[in-house]
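Structure first, commentary second.
The values are calculated or read from the model by the stated rules, or taken from the named source; none is laboratory data. Treat the numbers as computed from the prediction; the structure is a model and nothing was measured. Every residue, glycine as well, gets a Cβ built from its backbone with ideal geometry; the counts of neighbours run over all protein chains shown.
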Amino acid sequence: MEKNTVEKVQVLIIGSGPAGYSAAIYASRANMNPVLYQGIQPGGQLTITTEVENYPGFPDGIQGPELMIHFEKQAQRMGADLRYGLATKVDFSSTPYKVWIDDEKLIEADAVIIATGASAKWLGIESEQRLNGYGVSACAVCDGFFFRGKEVAIVGAGDTAAEEALYLSKLCSTVHMFIRRDEMRASKIMQDRVMNTANIKMYWNTETDEILGEKSVEGVRVKNNQTNELNTIPVKGFFVAIGHTPNSEIFKDWLHMDEAGYVKTIPGTSKTNVEGVFASGDVQDKIYRQAVTAAGTGCMAALDAERYLSEKGLH
């Protein structure tokens with residue numbers, strides 16, 4: 001497609017996880033002819049998850065990528081225009097709003113639904129990526145169930161890591177918790193809970209050297225960063241809880257965000273500080289971060305967009 005082509009659409013949806021596809025389903029059913037750009041990871045975080053057992057409607061569980069194919073097919077069947085491409089720049093200064101795709105194509109939209117999600121932060125070691133989905137996970141609530149009665153490890157020192165360690169402690173025989181410094185960043189109450197849980201074993205000044213295992217996690221080698229002593233611990237699951245980064249960078253000049261970069265929405269709605277721009281899913285939710293909650297906010301965004309367009313006489 002030649003550079004600087006312009007296309008006018010009614011509703012533009014940016015992102016293709018549960019929030020984006022749900023927004024597309026609802027917007028299509030309301031005859032808003034949505035155009036959805038799938039972004040860098042079509043299907044979102046669920047495409048790097050293996051078994052999903054907590055999404056309602058699938059009593060036997062379902063593979064993450066398969067669930068997202070269902071979402072995609074349903075959005076397509078409703079008439080959503082799904083496209084490959086990454087939003088690289090926006091201008092929300094006046095309507096219609098401008099969004100550039102792959103730095104080339106310009107889309108002008110009466111309403112924009114942001115569903116760009118968040119990306120888990122990783123340690124950046126080779127074995128972590130190789131075994132991701134095979135015992136390595138960034139979500140204890142999603143995957144802890146698979147390690148019932150087994151030994152697991154978790155890395156992190158904040159409130160999220162403490163919450164996930166406590167969650168795992170109810171399912172797993174032992175939770176080995178690795179903390180890089182000699183103290184935790186978590187709130188005092190969370191620290192106390194972790195320290196007082198018998199089957200959570202704390203390792204201070206400890207960094208992950210390597211996750212062990214060929215086809216699945218068999219153990220972890222850790223290093224004490226004061227003594228450089230190496231230690232191998234047999235575990236079946238390895239959880240990374242060092243935070244998430246919301247994919248909100250291109251909106252920072254236009255939308256109100258918290259200090260971590262999550263887009264702020266008016267409570268109980270998907271509305272941002274820019275009228276006609278709505279945010280849904282993990283890009284605006286740092287608390288729940290589940291597929292089902294993301295899908296719910298995608299629905300809210302489509303309904304909010306429909307109301308907005310009707311009030312403006314644009315739909």
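Do we find a residue being among the charged types (D, E, K, R), in a helix (DSSP H, G or I) and not assigned by TED's automatic domain parsing to the domain that holds GLY135 anywhere in region 85-92? Looking for residues that are among the charged types (D, E, K, R), in a helix (DSSP H, G or I) and not assigned by TED's automatic domain parsing to the domain that holds GLY135, one finds none in region 85-92, hence no. The numbered conditions (1) at pLDDT 95 or above; (2) surrounded by 16 or more Cβ atoms within 10 Å (Cβ to Cβ); (3) of a type in the set (Ser, Thr, Tyr); (4) not in a helix (DSSP H, G or I) are all true for SER28 except (4). The residues in region 127-145 that are crowded, with 20+ Cβ neighbours inside 10 Å and in a loop (DSSP other than H, G, I, E, B) can be counted, and the count is 3.
In the set (1) assigned to a helix (DSSP H, G or I); (2) in contact (Cβ under 8 Å) with a residue 40 or more places away in the chain; (3) among the small types (Gly, Ala, Ser), ALA153 fails one condition alone, (1).
In region 258-288, of all residues being at pLDDT 95 or above and touching a Pro at 6+ places or on another chain (Cβ under 8 Å), the one that is surrounded by the fewest Cβ atoms within 10 Å (Cβ to Cβ) corresponds to GLY261.
From the list GLU229, GLU249, GLU218, the one residue that fits, being among the charged types (D, E, K, R) and either within 30 Å of VAL283 (Cβ to Cβ) or in contact with a Cys (Cβ under 8 Å, 6 or more places away or on another chain) (or both), is GLU249.
Residue-wise test of (1) assigned to a strand (DSSP E or B); (2) more than 26 Å from the chain's Cα centre (by Cα).
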{"site": "HIS176", "(1), (2)": "yes, no"}
{"site": "ARG181", "(1), (2)": "no, yes"}
{"site": "ASP192", "(1), (2)": "no, yes"}
{"site": "ILE211", "(1), (2)": "yes, no"}
{"site": "SER216", "(1), (2)": "no, no"}
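The residue that is surrounded by the most Cβ atoms within 10 Å (Cβ to Cβ), among those in region 87-126 that are over 20 Å from SER28 (Cβ atoms) and small (Gly, Ala, Ser), is GLY117.
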